[in-house]
There are 2 protein chains.
Amino acid sequence: MKFGVVIFPSKKLQDLANSFRKRYDPHYSLITPHLTLKNGFEANEEEVVNFADKLRQIAKNNNEFRLKTLKISSFQPVNNVIYFKVEPTKELNKLHNEINQEFSEQSLDYAFVPHITIGQKLSSDEHSDVYGSLRMKRFDHEETIDRFHLLYQLDNGSWTVYETFRLGKE
Amino acid sequence: MKFGVVIFPSKKLQDLANSFRKRYDPHYSLITPHLTLKNGFEANEEEVVNFADKLRQIAKNNNEFRLKTLKISSFQPVNNVIYFKVEPTKELNKLHNEINQEFSEQSLDYAFVPHITIGQKLSSDEHSDVYGSLRMKRFDHEETIDRFHLLYQLDNGSWTVYETFRLGKE
């Protein structure tokens, strides 16, 4: 089974993200808007019980934090993902590192760029059009993140929540 | 905001339900297969913090239980919802009642028929065809339920998990 770890932001930010995703993200109907803390990984149901225990411990040892978005950015030329750029903070980095370190066989071979995807798998022309029209706009938003979620993927590609972990709580 | 309380069954049962929902349920892409414990209700973000506290308490005071399905049934003539019939058990009834009693303004004016929807909003003819072809089949399945989830609905109709509650745990 494929698992992943994400933050679901507030309804307000999710609704805003969906207003773009509806047109620009083919994953629109598979998962609600999110910030990925750990990319999809294979695990069986026993392994994940153990992983969930560890995530519970990590959640307990981290505190809620502020999440800020300022603008829209793109991963071009690496890929054509367009996203709300989330301001990197010490708290978010720490949470991301602790979660990923729990899987020793997976090394962190990329820099963590916290983001909420609003468009992907666009053609080059579409990407240029969409990103060109959004890149100069400001998206000032700030909210408190007090939880994250462990998900698994169904055969049809959609994601179900396995468990929620509240930051700084038992 | 609209909230609801559900059980997501195992991946195995969800994948099976989706094999039908894909064709017969227009809510297929809005939420993964589930058993509803409390229908959608309006609450603001402060009220729901309080409600989540109560659900946490209810989860702690109830234990995990076995969920069994045997066959497919329909709510006809009330409506044309087709579903996996879930065997009513003392534990499931108790959990359902405790969750719904937390909203005193909402009386339980219907009997609780635990089910996992696999088809809805079908025409009469479609309903007859689909239900006719499935009603005699057996769907023997049994699993342990150890958690339930509080969800909220986004503007596009899709559902996001707010929190997971593990049965019999702190």
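Taking one equal scatterer on every alpha-carbon of segment B:9-50, how large is log10 of I(q)/I(0) by Debye at q = 0.18, 0.21, 0.35 1/Å? The Cα Debye sum returns log10 ratios of -0.64, -0.75, -1.20.
For the residues of A:140-153, the average number of beta carbons from a partner chain within 10 Å of their own beta carbon is 1. Cross-linked pairs B:K38/B:K71; B:K2/B:K121; A:K54/A:K94; A:K54/B:K94; A:K11/B:K169; B:K12/B:K85: Cα-Cα separations exceed 26 Å for A:K54/B:K94; A:K11/B:K169.
Per residue of peptide A:113-122, the mean number of Cβ atoms on other chains within 10 Å of the residue Cβ is 0. Across the alpha-carbon atoms of the protein assembly as shown, the computed radius of gyration and Dmax are 20.8, 60 angstrom. Estimated at the nearest 10 Å², the accessible area of A:H96 is 0 Å² with a 1.4 Å probe. At q = 0.21, 0.32 Å⁻¹ the log10 of I(q)/I(0) for segment A:123-162 amounts to -0.77, -1.05, computed by Debye summation with a single uniform scatterer per C-alpha, solvent ignored. Note on A:Q101 and B:R66: with the Förster distance fixed at 30 Å, the Cβ-Cβ geometry gives a FRET efficiency of about 0.25. For the Cα trace of segment B:22-103, dividing Rg by the Kirkwood Rh returns an Rg/Rh value of 1.00. Normalised by the number of residues in segment A:1-145, the average gap of Cα pairs under 8 Å and 6 or more apart makes the relative contact order 33 percent.
Percentage of Cα-Cα pair distances in chain B greater than 23 Å, rounded to whole percent? Counting pairs separated by more than 23 Å, the tail of P(r) holds 41 percent.
Averaged over its residues, the protein assembly as shown has an accessible area of 50 Å² per residue, based on protein heavy atoms and a 1.4 Å probe.
The values are calculated or read from the model by the stated rules, or taken from the named source; none is laboratory data. Predicted model, so just to flag it, every value in this text is computed and none were measured. No Cβ is skipped: glycine too gets one built from the backbone with ideal geometry, and neighbour counts run over all protein chains shown. When the accessible area is computed, the model is the full protein with side chains, heavy atoms only, and any ligands, DNA or RNA have been set aside. Shrake-Rupley method; radii C 1.70, N 1.55, O 1.52, S 1.80 Å.
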